[in-house]
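Nothing in this text is a laboratory measurement; each read-out follows from the coordinates by a stated rule. Note that this is a predicted model, so its numbers are computed, not measured. Cβ coordinates were reconstructed from backbone atoms using ideal geometry, including for glycine residues, and neighbour counts include every protein chain displayed.
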Amino acid sequence: MCQAAQATAMNLSNCFSCETQQYLKEYKCILEKMVEKINSACLNNSISYNFIAQMLPHHAAAIEMSEELLEYSDNRELVCICKNIICEQKKSINDMLCIQEGSARFCSSGKCLAEYSCATQKILQNMFSKMRCAAETDCIECNFLREMIPHHEGAVCMSENLLKYDICPGLVPIARSIITNQKRGICEMKRLCRELKCL
């Protein structure tokens, strides 16, 4: 974001309620922690292992963001969405941790690893950019939805990219579940965006 745009965003956020400003501050902290952990993840020559290494902090951030939203909102539909995110992504984290060590044995060819890594990097950078540049208003619920939709879209794209390759068999149902659950979540959040007139 250019300096002029950053200054404009800062001036706008100063007009928000103290509660919204605190929410946005906490959100940005969670986001940057996620970016740093994903970018510094220890990777090797296994696509399966690398996917897990980068998806774990991705999921952890979604849980933190959802738990944060629950402290600020009592919107029944959004509370339900957040509780589903927390439940589903905790299960996914547990499932990935169970196979992480074994997944390292599924080595990938140099060509496949390079293709996968290049596509994943593009997906991640696009997701980081959209989450950092999500429009901010004084409505915490709308802010969360605009932030979480690209987060979910990133997970879907990462999982779809993963399934193009020969990977650890135990990771296939996990990736498919991520796609199914998060596509459903995206639809629910976009519908709620329209109802709340966030778009």
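Points to keep in mind about this one:
- The aspartates and glutamates within cross-link reach of K90, meaning a Cα-to-Cα straight distance under 15 Å and a gap of 8 or more places when in the same chain, are E64, E67.
- With the convex hull of its Cα atoms as the shape, region 81-152 has an orientation-averaged projected area of 6.2 nm².
- FRET efficiency, E77 to C133 (Cβ-Cβ, R0 25 Å, nearest 0.05): 0.50
- Packing, as the average of other Cβ atoms within 10 Å across residues, places the peptides 114-120, 80-86, 44-50 in the order 44-50, 80-86, 114-120, highest first.
- Karplus-derived 3J(HN,Hα), 6.51/-1.76/1.60, for each residue of region 97-102, Hz, glycine and proline x: 4, 5, 10, 4, 4, x
- Partner lysines for K197 [C-alpha distance under 28 Å; skip if fewer than 8 residues away on the same chain]: K25, K28, K83, K130, K183
- Computed from backbone phi with θ = phi - 60° and the Karplus coefficients 6.51, -1.76 and 1.60, the 3J(HN,Hα) list for region 185-195 is x, 4, 4, 5, 6, 5, 5, 5, 4, 5, 5 Hz; x is used for glycine and proline.
- Sites N44 and K183, calculated FRET efficiency, Cβ-Cβ separation with R0 25 Å, nearest 0.05: 0.30
- Convex hull projection area averaged over all views, the chain, Cα basis, nm²: 11.0 nm²
- Only DSSP H runs of four or more residues enter the estimate; each adds -39500 (n - 2.57), and after division by the residues of the chain the mean residue ellipticity at 222 nm equals -28000 deg cm²/dmol.
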